[in-house]
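Below is one structure; the comments refer to it alone.
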Amino acid sequence: MAHRDLLKPDYARNMRILGHSDQGGRGDGVQVMVTGGHAYVGHLFSQGWSVIDVRDPRNPAFVKHYPMPGSTWSQHLQTHGDLLLVVNMKNVMADEGVKGGNYYEGSIGDKIDTTGSDQSYCAGMRVYDISDRANPVEIGFMPLEGLGLHRIWYDGGRWAYVSALPPGFTDDIFIIIDMADPTNPKPVSKLWLPGMNAAAGEKPGWDPKYRYALHHAIVKGDLACGAWRDGGLTTMDVSDRYNPKILSHVNFCPPFAGGSHNALALPDRNLLVLVEEATGNDMADGIKRNWIFDITDPSRPISISTLPIPDDADYATKGGQFGPHNIHENRPESFQSSDMIFVTYQNAGLRVYDIRDPFRPKEIAALVPPAPEKIFDVRPDMPKIVDTTDVFVAEDGLIYITDFNAGLYILEMDKGLLD
């Protein structure tokens with residue numbers, strides 16, 4: 001059972017903590033998926049990923065940890081039905097070419113060998129059978145040359161969509177995977193921003209201090225929406241999975257701070273929410289925002305508003321990272337809403353927004369967990385400050401959030417807000 005102090009938030013509005021898990025002593029968590037009463041959490045600093053039994057949300061129980069070989073990251077994962085897909089990529093923060101915040105600055109391909117000569121890590125995607133939710137069994141592995149996969153979008157069926165850095169490219173690009181045989185997934189197509197294919201002689205047209213790299217794309221039907229870090233936003237037509245096409249590319253970095261992280265389309269309302277990731281302590285990388293776009297014409301996204309920035313405390317001087325990181329992505333088999341947006345805000349916890357009027361979005365709930373008891377983050381001089389990282393909202397309305405250091409929290413909103 002969680003220590004009671006861990007269940008007392010630093011700040012709460014219309015929300016409360018039900019339970020907490022230290023994830024088997026690996027408090028660092030990134031992406032979280034919940035299905036069949038079990039949470040699957042990817043780790044950043046402990047590497048590997050873990051399974052947690054959350055059938056009793058007040059007393060979540062660690063089940064097991066799945067380590068990855070060598071210097072392999074597996075911080076991002078996806079579930080659908082009885083399948084779990086897990087990324088494998090090089091732990092770039094442990095590479096001599098990348099130090100501290102340098103991971104977020106400039107092209108990774110310029111700093112790290114992507115030819116495959118480094119055998120210290122696995123690059124590709126692992127597939128697990130989770131029909132027994134507590135005991136995933138690996139059934140397939142898709143190797144992919146280069147640094148490996150960063151993130152996956154998979155909502156069932158034949159196709160998965162990944163960001164990855166193959167040899168010859170400056171950074172992560174868009175790749176479509178054929179999942180017809182889950183034991184033998186196969187890449188079928190690639191798409192990138194002009195200037196990223198260095199092997200083909202393309203030259204970047206942007207300032208080298210910026211990082212143009214696909215964090216990932218979220219796919220709704222035949223429309224894929226990609227967040228390219230400092231490279232902005234793309235809408236992409238994936239109706240032909242063997243030949244995807246860019247419909248639009250919008251970028252406003254500079255003058256704004258960049259770091260696009262999630263691009264969530266709300267097709268029934270012709271809207272899109274773009275989340276920017278804050279990566280520097282004490283707002284060293286500027287003010288990051290959450291943007292709402294009108295995508296009535298997907299080839300011409302138009303920015304119409306931004307979500308309010310938390311102001312219930314002086315988060316800018318609290319320490320650690322203040323700004324958005326992740327969004328609940330309205331996945332199948334989860335809570336889905338086109339009117340309510342859930343955004344993790346790092347040292348400002350979780351924020352929930354009502355966007356029924358997309359021109360005047362408002363915050364309706366929030367919760368800031370207490371400071372972590374231990375720091376897992378290996379980067380130098382990281383303060384003992386909450387860093388709410390990812391969010392998943394289950395079909396029953398329970399909310400699961402991870403932290404870079406503080407484990408898994410299970411939250412509940414006030415009755416009526418999810419109706």
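Derivation of every value follows stated rules applied to the coordinates shown; laboratory data play no part. All values reported here derive from a predicted model rather than from experimental measurement. Note that each Cβ is placed from the backbone with ideal geometry, even for glycine, and that neighbours are counted across all protein chains shown.
One decimal place: the segment LEU417-LYS203 gains 72.1 nm when fully extended, by the rule 0.36 nm per residue minus the C-alpha distance. When every Cα-Cα distance of region 291-419 is counted in 10 angstrom steps from zero, the calculated P(r) takes the values 12, 39, 33, 14, 2 percent.
Projected onto planes of every orientation and averaged, the convex hull of the alpha-carbon atoms in region 167-232 covers 5.4 nm².
This ranking places HIS43, HIS20 by how few other beta-carbon atoms lie within 10 Å of each, fewest first, which gives HIS20, HIS43.
Can you give the net charge of the other residues whose Cβ lies under 10 Å from the Cβ of ILE177, counting K and R as +1 and D and E as -1? It works out to a net charge of +2. If you take all other residues with their beta carbon under 10 Å from the beta carbon of LEU84, and give Lys and Arg +1 and Asp and Glu -1, the sum is -1. Summarised in one figure, the compactness ratio Rg/Rh of region 4-413, Cα atoms and Kirkwood Rh, is 0.93. Evaluated over the Cα positions of region 1-43, the convex hull gives a direction-averaged projected area, one quarter of its surface, of 4.0 nm². Sequence-distant contacts, meaning Cα pairs under 8 Å at least 6 residues apart, place the relative contact order of region 63-122 at 37 percent. Remark: ILE292, ILE399, ILE246 ranked as ILE246, ILE292, ILE399, counting other beta-carbon atoms within 10 Å and listing the fewest first.
Result for the chain in a Gaussian network model with C-alpha springs under 10 Å: among TYR40, TYR11, TYR212, the largest mean-square fluctuation is at TYR11. The value of relative contact order for the chain, using C-alpha pairs under 8 Å at least six residues apart, is 15 percent. For the residue pairs LYS111/LYS209; LYS190/LYS245; LYS288/LYS362; LYS90/LYS209; LYS8/LYS374, the C-alpha atoms sit more than 19 angstrom apart in LYS90/LYS209. Counting Lys and Arg as +1 and Asp and Glu as -1 over every other residue whose Cβ lies under 14 Å from the Cβ of ILE364, the net charge comes to -1. For region 201-333, state the semi-axes of the equivalent ellipsoid (square roots of 5 times the eigenvalues of the alpha-carbon gyration tensor), sorted largest first and rounded to whole angstrom. Largest first, region 201-333 gives 26, 19, 12 Å. Is region 114-224 best put as rounded, prolate or oblate by its Cα gyration tensor, with a ≥ b ≥ c the root eigenvalues, rounded for a/c under 1.5, and otherwise prolate when a/b is larger than b/c, oblate when not? Taking the square roots of the gyration eigenvalues as a ≥ b ≥ c, region 114-224 is prolate. The ranking of LEU149, LEU247 from fewest to most other beta carbons within 10 Å of each one's beta carbon is LEU247, LEU149.
Only Cα pairs under 8 Å and at least 6 apart count here; give the relative contact order of region 143-260 as a rounded whole percent.
The value is 18 percent.
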